[in-house]
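The values are calculated or read from the model by the stated rules, or taken from the named source; none is laboratory data. Everything quoted here is computed from the prediction, not taken from an experiment. For neighbour counting, all protein chains shown are included, and Cβ atoms are generated from backbone atoms with ideal geometry for every residue, glycine included. Ligands, DNA and RNA are stripped out before the accessible areas are found, and what is left, the full protein with its side chains, is counted by its heavy atoms. Shrake-Rupley method; radii C 1.70, N 1.55, O 1.52, S 1.80 Å.
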Amino acid sequence: MILFRKLKSLTGLINSIVFEQSFSLYPAHSAKEMENLLHLVRNIVPPLTPEKYKGQDGKIGVIGGCQEYTGAPYFAAIAALKVGADLAHVFCTKDAAPVIKSYSPELIVHPVLDHPSAVEEVENWLPRLHSLVVGPGLGREDAILKHAKGILEKAIMKGIPIVIDADGLWLIAQQPFIIQGYRKAILTPNMVEFNRLYEAVIQNPVDSSDHHGCVLRLSQAMGNLTVVQKGEQDLISDGEKVLVCSHEGSRRRCGGQGDLLSGSLGVFAHWAFLAGPEKTNSASPSLVAAFGACSLTRQCNNQAFQKYGRSTTTTDMISEIGTAFTKLFES
């Protein structure tokens, strides 16, 4: 206790120590530990200043959107904008583009994903993007998945942070080597997606009595990239540590919440890697970003549920992003 008081003025050192201790195999973190983790997220949030120009706080690309699934890429892209990105691009199939455009004039929509030159078309945009979110509304058509694979390979070559969700995870379960070892990748599986990916990579079924260990092992097997297992509590691991995000959400499980998470995580990932180790106290940028996005999604869920209860939808949750963000990271 005496030592702690002596170190209290050394904010960075304390945060670093608490952060390292918080990444444990314990079922949950104390309120103090959670607050220190949130402080690290606050460190990476860029201030809003009059000197900035459009694009500096994030240009996010979403790879997904097909005839059957147009809501998912919209949710991911609009969430990215509301979290604080300046521009959000959606690269989708031709027939999905008019629908997604009709949802919001704020999104830049590219109807290229089913074009024979889709990989080249998206590659031309990669130098202008800060992160990619791959999977929302992607579908499982072989030709589209082949293009998604090619886009992932190009993004990895350019060192762009990548969030992979939904059918992007289906692709990774079939071909894990695509992303294996790329430390700027973050996988965000729900329970079903996690089980599929775990069995494909580990070659054994998930041990339901050791969720923490399973998340840790999957991350290690994937080359220590970050895995976020979504659930009653979100488990986040970089293969070295496991973080539990137990921020209060709600019991509502409507579709689209994962898209809110992946879109916001695309922004947090850009901010975390841009901020550097001095702002994250040398902690993994992906872990800090993931904790921020999980906390924000849960706060949005909670706020919306307080208003709408059983009728809560993801649209209601997205409307809460502004106030939830302020409460968690700017108050």
* To do: Beyond 22 Å between alpha-carbons counts as too far, so tell me which of Lys158/Lys184; Lys54/Lys82; Lys149/Lys184; Lys101/Lys184 fall in that bin.
  => Lys101/Lys184
* Over the chain, what percent of the accessible surface lies on carbon and sulfur atoms, probe 1.4 Å? -> 53
* Asked: Ranked from the most accessible area to the least, with a 1.4 Å probe and all protein chains present, what is the order of Ser208, Ser237?
  -> Ser208, Ser237
* P(r) histogram, all alpha-carbon pairs of the chain included - 10 Å bins from 0, percent -> 6, 28, 36, 23, 6, 1, 0
* Asked: With every protein chain kept in the model, how would you rank Trp170, Trp271 by accessible area, 1.4 Å probe, largest at the top?
  -> Trp170, Trp271
* Asked: In square angstrom, rounded to the nearest 10, how much accessible surface does Lys327 have for a 1.4 Å probe?
  -> 120
* Computed FRET value (nearest 0.05) for Lys146 with Lys32, which takes r as the C-beta separation and R₀ as 45 Å -> 0.40
* To do: Quick one: which residues, 5+ away or cross-chain, put their amide H under 5 Å from the amide H of Ala185? H built at 1.01 Å from N.
  => Ile162, Thr226
* Structure fact -> Computed over the chain: longest principal axis from alpha-carbon atoms vs helix 191-202 long axis, angle to nearest 10 degrees, is 90
* To do: Compare Phe177, Phe325 by solvent-accessible area with a 1.4 Å probe and give them largest first, with all protein chains kept in place.
  => Phe177, Phe325
* Asked: In nm, to one decimal, how far is the Thr315 label point from the Glu106 one, both placed 7 Å along Cα→Cβ?
  -> 1.5
* In degrees from 0 to 90, rounded to the nearest 10, what is the angle of the helix 31-44 Cα long axis to the longest principal axis of the chain? -> 50
* Asked: Using the alpha-carbon atoms, what tilt in degrees (0 to 90, nearest 10) does helix 142-157 show relative to the longest principal axis of the chain?
  -> 50
* To do: Note down the accessible area of Leu81, probe 1.4 Å, to the nearest 10 Å².
  => 30
* Structure fact -> The extension gain from Gln306 to Asp207, computed as 0.36 nm times the residue separation minus the Cα-Cα distance, is 32.2 nm
* Asked: Going toward the positive end of the dipole of region 96-254, with +1 on Lys and Arg Cβ and -1 on Asp and Glu Cβ, which of Ile202, Met191, His110 do you reach last?
  -> His110
* **Within a Gaussian network of the chain (alpha carbon springs, distance under 10 Å), most fluctuating of Leu260, Leu132, Leu218** => Leu218
* Solvent-accessible heavy-atom area per residue, rounded to whole Å², over the chain at 1.4 Å -> 43
